[in-house]
Each structure stands twice: as structure tokens, then as C-alpha cells.
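K.L.:
Dumping the structure here so I can ask a few things about it.
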Amino acid sequence: MAGSRMQLELSRVVQGRSRLGVLKGLGRTGQHSLEIPGCLLYTHFGTVPHLTQDTLHTLISLPSVTQITLSHIAEHQEVLEEFKDGFRKFAGLHDTVLYCSLHDPATHSPTGYTTNKTVSVWGSGGRIELTVAKFMAFQKTVQPDWYQSMCDGETWQNSASRKRVRKSVDRTLAHLDECLLVHQKSKELEGVEVFGVVEGGDILEERVRSARETAKRPVAGFCLDGLQTGSMDQTLRTQLITAMIKELPEDKPRLLHGVGRPDEVLACVEAGVDLFESFFPFLATERGCALSFGFDISTDPERAVLELNEEKATAGESQQNGDLNRHDQTQMTPFEMNLKEKRYQDDFRPLVEGCGCYCCKNHQRAYLYHLLVTNELLAGVLLMIHNTAHYHGFFGALREALATDKLDVLKKRVLGDGGLQTERKE
């Protein structure tokens with residue numbers, strides 16, 4: 001992978017781990033960049049769920065990198081091969097960098113279908129088995145700007161044995177070597193970057209081995225896999241990330257798969273993670289919920305306390321459904337309000353006071369309640385507009401907090417609601 005355009009420029013490292021900077025030289029021509037810590041733009045087949053391209057681009061500060069997954073694309077290989085001009089043009093995507101990952105982070109894939117030579121992805125038509133040759137044929141057809149290498153990521157479950165975890169690491173390294181061999185011989189993939197995948201389940205020694213060996217390969221960055229929400233608690237996740245990062249070079253980005261909750265994002269950034277997938281707004285939208293956690297660190301401290309108390313008073317009942325200690329990503333979290341609750345039918349305030357998104361500037365909670373209880377498609381559109389804007393605003397605040405030594409302030413702002421709601425439940 002000699003001559004890689006992707007360059008990570010760090011402007012600050014806080015407390016030896018949290019990294020602030022810019023990932024430059026993205027895309028085939030190298031004109032794009034992505035601020036870190038940051039997230040990718042989550043899509044289904046190249047489209048943000050519920051939103052057209054025109055609607056999406058009414059939002060400001062969107063990431064320059066769009067994530068697509070083979071689980072959505074694999075069953076359309078023949079059509080894409082016939083089209084010949086790559087997925088970006090096929091999906092009508094324009095000024096964006098394309099990143100191709102293996103699985104949809106918002107969906108749990110069935111396990112038990114990997115072999116020494118194959119992995120499986122699950123599309124709407126069922127299971128699709130991939131060899132390295134088929135996986136790389138997909139990359140040539142899709143023509144992404146960067147992609148994760150093929151991996152055996154089925155060891156995130158607590159029941160995985162040490163032997164199974166070791167086999168996962170060995171397989172993933174073997175897949176990476178085969179992918180790199182094909183990649184380096186392919187004219188279609190010139191200028192495309194490869195991210196190596198770090199596996200190892202919940203076994204520290206295997207995580208370290210996987211990171212150390214992957215770092216020896218000519219990859220542009222690293223995907224930390226098998227640490228997703230629901231697989232382990234945050235204490236263990238932080239311990240494993242810390243150990244892995246010690247083995248990884250400082251000048252290459254680290255992308256964490258399957259973690260999107262704000263509390264977990266904050267903890268993982270403190271452990272040294274740079275990039276995340278932005279599927280969390282979609283999950284909240286599918287629940288009929290609006291993200292409502294605070295992240296404004298510029299507010300006067302006394303005013304912030306008053307605003308926080310007001311938020312708790314208005315959102316407390318709904319947030320009792322969420323628990324900071326709950327790790328199932330299908331369940332409601334303390335960072336959102338359930339607009340299907342009857343208490344919102346005559347609540348004429350915006351979803352979040354001060355939010356500048358189209359939904360909050362033009363509609364009230366009562367209107368969203370009506371749309372949801374009558375199953376109107378517009379409910380998903382408006383919620384996705386708000387949730388996407390809110391989530392990416394959180395990452396902007398996170399970068400500002402790192403730049404201005406206010407990370408502790410941000411953590412109190414983000415986590416305050418959830419922590420107090422947990423206490424109230426007790």
C-alpha cells in the first residue's frame with residue numbers, strides 16, 4: 001500500500017489518549033478530510049434511512065465519509081457488475097468518500113456460519129457466503145475509497161472459547177494477507193485504502209496479538225471489531241481498547257465498530273478511539289424516539305444547571321425506560337424521549353429547545369406524537385432529520401471539548417440525565 005494518500009494529523013492528545021485532529025487525503029483524489037474524533041455517515045444501500053439526498057443535505061456539518069455495507073450490497077453484485085461504474089454513481093452519491101464495511105452495525109447477524117475460508121453476510125434474501133476471491137470481486141465492483149478487510153468477527157459472544165477466539169484471530173490475519181495480495185495486483189483498486197481488522201473477543205492476550213500482527217501489515221488504518229454494544233461492559237471494553245492501541249501506530253486512524261451510545265462513545269474516545277459508525281440515530285428513530293441529551297459546553301454553568309433540571313422535569317418519565325447499565329442496543333436509552341407516550345399529545349414545544357434542525361424549527365412534540373400514533377411515514381423523516389443533526393452536533397461538541405479542556409464538562413452534560421434517572425429509579 002505504498003504511496004497512501006490518507007494522512008492523520010493530530011493537533012492535540014489529551015491525557016495521553018484522547019486524540020484531536022484531522023484525517024486528510026481521503027478519496028481517490030485526496031481532496032476530502034474528516035475531523036477526529038468523528039463518525040461516518042450511516043446508510044442503507046447508500047441512502048440515509050428515511051431521507052432523500054436533497055433532504056439530507058439540508059443538514060450542516062455532515063461527515064465526508066459515507067458507510068455502505070456488503071450485507072446490503074452483496075445480493076446486487078450482478079447488477080453492479082453490469083453497471084460497471086461503481087456504487088457511488090449507481091446510488092447517485094456525489095461529493096463523498098465511500099467506506100465499505102462487512103456488516104450492518106444496526107443489525108445483529110446470526111453466528112456459526114464462518115469457516116477457515118469463508119464468512120457470511122445476511123441480506124434481505126438470506127445468507128450470502130463469501131470467499132476472499134468473492135469478497136475482493138465485490139470491492140472491485142463497488143469501487144470504494146476504503147474498505148475493511150474480510151474477517152471472522154463471530155467471537156463477541158461471552159460463550160466463545162479461548163480456542164475459538166484464537167482461531168478467529170488466525171483466520172482474520174490470513175484473510176487480511178490474502179486480501180492485500182489481491183489488492184496489490186488489482187488495477188481497479190489503485191488508490192483504494194485497506195483497513196485491517198483487529199479481533200480477539202474478550203481475551204486480552206488475543207486482542208494484543210491481533211493488534212500487533214495487524215500493525216505489521218501495510219494497512220491505512222484499523223477496525224476494532226467485536227466490541228459492540230451488548231457484547232461486554234464498558235470497563236472491559238476500555239481495558240481491551242487500551243491494550244490494543246498500545247500495539248498500533250499513532251499515525252493511523254482507529255475505527256470502532258458497533259458502538260454508538262453517547263456514554264460509550266465518550267469512554268472509547270478517552271481510551272484512544274478516533275472514528276465511530278453513526279447508526280445510533282437510526283435505532284432511536286426506529287423506536288419512535290428523539291435524541292434529547294444535552295451537550296452544549298458553551299453555556300454559563302449556572303444556566304446549564306437550570307436547563308438540565310428543566311430537561312429532567314420534562315423528559316424524566318420517558319427516560320425511566322432507559323438505563324445506563326442496559327447494553328441491548330434495541331432498547332431505549334436514557335439519551336432519548338419516547339414521543340409515542342400520550343403525555344406528548346398536547347406538548348407544543350420543539351423536540352429540543354434551541355435545536356436548529358428543520359424538525360425543531362417547524363414542528364412540535366405533539367405533531368410528532370400524532371404522526372407516530374397514526375403510522376405516518378413523515379414521522380420517520382422528521383425524527384431522522386433531528387436525530388442525525390443532534391448526533392453529529394454531539395461529535396462537534398466533543399471535538400470542541402477536547403480543544404478547550406472541557407471534556408469533564410461535556411461528560412457531566414451528556415451523562416447527567418442518565419445518571420440521575422438511574423438514581424430516581426432506585
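K.L.:
FRET efficiency for Leu378 and Arg28, Cβ-Cβ distance as r, R0 = 45 Å, nearest 0.05?
P.N.:
Numbers: r = 37 Å, r/R0 = 0.83.
The formula returns an efficiency of 0.75 here.
K.L.:
Right, something else. I'd like the Karplus ³J(HN,Hα) series for the range 331-345: coefficients 6.51, -1.76, 1.60, θ = phi - 60°, whole numbers in Hz, and an x wherever there's a Gly or Pro.
P.N.:
Using θ = phi - 60°, the values come out as 8, 4, 10, x, 9, 9, 10, 8, 6, 7, 6, 4, 4, 8, 5 Hz.
K.L.:
Let me have the relative contact order for the range 75-216, percent, based on Cα pairs under 8 Å that are six or more residues apart. Provide the component values of the computation, followed by the final result.
P.N.:
Numbers: 184 pairs, mean separation 32.1, N = 142.
Relative contact order of the range 75-216: 23 percent.
K.L.:
Also, I was wondering about something else. Just for the chain, what percent of DSSP beta bridges are antiparallel, to the closest 5? Walk me through the numbers on the way to the answer.
P.N.:
Details: 21 of 45 bridges.
Within the chain, antiparallel bridges account for around 45 percent of the total.
K.L.:
Could you work out the relative contact order of the range 91-162? I mean the mean sequence separation of Cα pairs under 8 Å and 6+ apart, divided by the number of residues, in percent. Intermediate values should be presented prior to the final figure.
P.N.:
Details: 53 pairs, mean separation 25.7, N = 72.
Value for the range 91-162: 36 percent.
K.L.:
While we're here: Given the C-alpha centroids of the range 66-81 and the range 168-218, what is the distance between them in whole angstrom?
P.N.:
22 Å
K.L.:
Can you list which of the DSSP-assigned H helices in the chain have a Cα extent of 18 Å or more along the long axis and an average Kyte-Doolittle score of at least -0.5? Could you put the intermediate results ahead of the total?
P.N.:
Numbers: long enough: 162-184 (33 Å, -0.68); 301-319 (26 Å, -1.01); 377-403 (40 Å, 0.88); 407-425 (27 Å, -0.68).
Passing helices, by number: 377-403.
K.L.:
For the range 95-103, just list the computed ³J(HN,Hα) in residue order, Karplus coefficients 6.51, -1.76 and 1.60, θ = phi - 60°, integers in Hz, with x standing in for Gly and Pro.
P.N.:
Each residue of the range 95-103 in turn: 7, 8, 9, 9, 10, 10, 10, 7, 10 Hz.
K.L.:
Hey, which aspartates and glutamates would be in cross-link range of Lys140, C-alpha to C-alpha under 12 Å, not counting anything within fewer than 8 residues on its own chain?
P.N.:
Glu81, Asp85, Glu188, Glu190
K.L.:
For the range 140-276, take the convex hull of the Cα atoms, compute a quarter of its surface area, and give me that in nm², please. Walk me through the numbers before you get to the answer.
P.N.:
Details: hull surface 31.7 nm².
Mean projected area of the Cα convex hull: 7.9 nm².
K.L.:
Now a separate question. Using a probe of 1.4 angstrom, how much of the accessible area of the range 11-120 is carbon and sulfur, in percent? Display every interim value, and only then the final one.
P.N.:
Numbers: 2540 of 5070 Å².
Whole-percent figure for carbon plus sulfur exposure: 50.
K.L.:
Moving to a separate point now. Per-residue counts of other Cβ atoms within 10 Å, averaged by peptide: what ranking do you get for 390-398, 112-120, highest first? Before the final figure, lay out each step's value.
P.N.:
Values: 390-398: 21.8, 112-120: 15.2.
Top to bottom by mean Cβ count within 10 Å: 390-398, 112-120.
K.L.:
Tell me, what is the per residue accessible area of the chain in Å², probe radius 1.4 Å?
P.N.:
Accessible area per residue, the chain: 42 Å².
K.L.:
Could I ask something else about it? Which of Thr388, Thr285, Thr131 moves most in a GNM of the chain, Cα contacts under 10 Å?
P.N.:
Thr131
K.L.:
Under 4.7 Å Cβ to Cβ, no partner at all: give me those cysteines from the chain, in residue order.
P.N.:
Cys39, Cys100, Cys151, Cys179, Cys223, Cys268, Cys289, Cys357, Cys359
K.L.:
Can you give me the long-range amide H partners of Gly123? Hydrogens built in the peptide plane at 1.01 Å from N, cutoff under 5 Å, separation of 5 or more residues or another chain.
P.N.:
Result for Gly123 returns Ile128.
K.L.:
I would also like to ask the following. Assuming a ≥ b ≥ c are the square roots of the Cα gyration tensor eigenvalues, decide whether the range 1-44 counts as rounded (a/c under 1.5), prolate (otherwise, with a/b larger than b/c) or oblate.
P.N.:
Values: a/c = 2.50, a/b = 1.32, b/c = 1.89.
Oblate, because a/c is 1.5 or more while a/b does not exceed b/c.
K.L.:
Can you tell me the length gained on complete extension of the stretch Glu353 to Gln331, counting 0.36 nm per residue apart and subtracting the Cα distance? Walk me through the numbers on the way to the answer.
P.N.:
Details: separation 22, 0.36 × 22 = 7.92 nm, distance 2.48 nm.
That pair, Glu353 and Gln331, stretches by 5.4 nm at full extension.
K.L.:
Please say if the range 154-221 is rounded, prolate or oblate, where rounded means a/c under 1.5 for a ≥ b ≥ c the square roots of the C-alpha gyration tensor eigenvalues, and otherwise the choice is prolate for a/b larger than b/c and oblate otherwise? Show your work: numbers first, answer last.
P.N.:
Numbers: a/c = 2.91, a/b = 2.38, b/c = 1.23.
Taking the square roots of the gyration eigenvalues as a ≥ b ≥ c, the range 154-221 is prolate.
K.L.:
Out of these labelled values of Cα Rg over 2.2 N^0.38 Å, (i) 1.03; (ii) 1.09; (iii) 0.96, which was calculated from the coordinates shown here?
P.N.:
Recomputing Cα Rg over 2.2 N^0.38 Å here gives the entry labelled (iii).
K.L.:
A further question follows. Please name whichever of Gly230, Leu181, Val165 sits farthest to the positive end of the charge dipole of the chain, dipole taken about the Cα centre and charges placed at Cβ: Lys and Arg +1, Asp and Glu -1.
P.N.:
Leu181
K.L.:
A further question follows. With the Cα gyration tensor of the range 1-150 in hand, give its eigenvalues times 5 under a square root as the equivalent ellipsoid semi-axes, listed largest first in whole angstrom. Write out the running numbers ahead of the final one.
P.N.:
Numbers: eigenvalues 147, 76, 54 Å².
Its equivalent ellipsoid spans semi-axes of 27, 19, 16 Å.
K.L.:
Further, regarding this structure: Kirkwood hydrodynamic radius of the range 24-112 from all distinct Cα pairs, in Å? Before the final figure, lay out each step's value.
P.N.:
Details: mean 1/r = 0.0700 Å⁻¹.
Radius from the Kirkwood sum: 14.3 Å.
K.L.:
For the range 150-284, what is the relative contact order in percent, using Cα pairs closer than 8 Å and at least 6 residues apart in sequence?
P.N.:
Numbers: 207 pairs, mean separation 29.2, N = 135.
Worked out over the range 150-284, it gives 22 percent.
K.L.:
A further question follows. Relative to the Cα centre, what is the charge dipole magnitude of the chain, using +1 at the beta carbon of each Lys and Arg, -1 at the beta carbon of each Asp and Glu, and rounding to the nearest 20 debye?
P.N.:
Details: 48 positive and 57 negative charges, 183 e Å.
Using Cβ point charges on Lys, Arg, Asp and Glu, the chain gives about 880 debye.
K.L.:
Right, next: Which links in Lys163/Lys412; Lys340/Lys406; Lys185/Lys246; Lys340/Lys411 stretch past 30 Å when you go from one Cα to the other? Each step should come with its number before you reach the end.
P.N.:
Values: Lys163/Lys412 41 Å; Lys340/Lys406 35 Å; Lys185/Lys246 32 Å; Lys340/Lys411 28 Å.
From Lys163/Lys412; Lys340/Lys406; Lys185/Lys246; Lys340/Lys411, over 30 Å: Lys163/Lys412; Lys340/Lys406; Lys185/Lys246.
K.L.:
Taking H placed 1.01 Å from N in the peptide plane, check which residues at least 5 places from Gly21 or on another chain put their amide H under 5 Å from its amide H.
P.N.:
Ser11, Ile36
The values are calculated or read from the model by the stated rules, or taken from the named source; none is laboratory data. It should be emphasised that the depicted structure is a prediction, and the values quoted were computed from it without experimental measurement. Using ideal geometry, Cβ is built from the backbone for each residue, glycine included, and neighbour counts are taken over all protein chains shown. These area figures cover heavy atoms from the full protein model, side chains too; ligands, DNA and RNA do not enter into them. Shrake-Rupley method; radii C 1.70, N 1.55, O 1.52, S 1.80 Å.
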